[in-house]
Amino acid sequence: MNESSRNRPYQTPLLLSVMAIFVVSSGCQMLAGGQNIQGVRDFKAGQQIAAEGRFRTSIKTNPQNADAHYNLAVTLHRRGIQNKDQQTLAEAEEMYHRCIDLNGDHIECHRELTVLLAQTGRSDQSFKLLKNWAIRSPESPDARVELARLYEEFGDADTAEIHLHEALNRHSTHPRAHAALARLNERAGKLEAAAANYQQAYRQNRDPKIIDRLARLRNYSGARLASDGNDDSLSTASGGWIRRY
């Protein structure tokens, strides 16, 4: 990979990001959970300032709640991008780091922080963040899947594939790893291999979006896809979704 290409901000902001918000309704602090739930509702309703206040209250009530830190980070991240506010983005980055300090294997927090770093011209730090996660959690397949995602986004499919195989070596039925490897195989024209990976992903995670991929492969290649006893659903439930792993 060309090193300079890593430092370019994303052409499409939040390409990797789904800006998911977590609902945390359990735990030792019911007030914190309630504030977090209401904050999620506010966020989904587009009331970002109200959501921010709820998440801050949740953190004050339970400072060890990684998901509340993540939710606040996402809210600040979105507003910072929308308003091109560097101070808000800096606080979002701080909240992502606090989330990771509290939960070193928080998938979404690592993902969104890599996005923020890349959006602010620090793609090398995005790679460093995920590589350090993989070193810190050597048995984690999720760290390898996220690292593969990042390499794929920057056009290095070969390295992405290596990391996906490493993930599957740690968890042979990991659904996101199989779905990601299927995407790479599909793009490379390896349709039978892609179908096998999609089917394995579907066995572990009955996501209808995977069905659409299988249906598209059937339409494009005419290949016979091995049945796992659910072929009727695979052939009839195509809904037109596109999945990002």
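May I ask you to order 83-91, 140-148, 162-170 by the average number of other C-beta atoms within 10 Å around their residues, highest value first?
Ranked from most to least packed, the peptides come out as 140-148, 162-170, 83-91.
How big is D, in µm² s⁻¹, for the range 124-205 by Stokes-Einstein at 25 °C and 0.890 mPa s if Rh is the Kirkwood radius over C-alpha pairs?
Estimated via Stokes-Einstein, D reaches 196 µm²/s.
Which value in nm describes the separation of the simple spin-label points at K128 and D158, placed 7 Å from the Cα toward the beta carbon?
2.6 nm
For the range 102-186, what's the relative contact order in percent, using C-alpha pairs closer than 8 Å and at least 6 residues apart?
21 percent
Here, each number is a calculation from the coordinates, and none is a lab measurement. Worth saying up front: this structure is predicted, and the values here are computed from it rather than measured. Neighbour counts run over all protein chains shown; Cβ positions are idealised from the backbone, glycine included.
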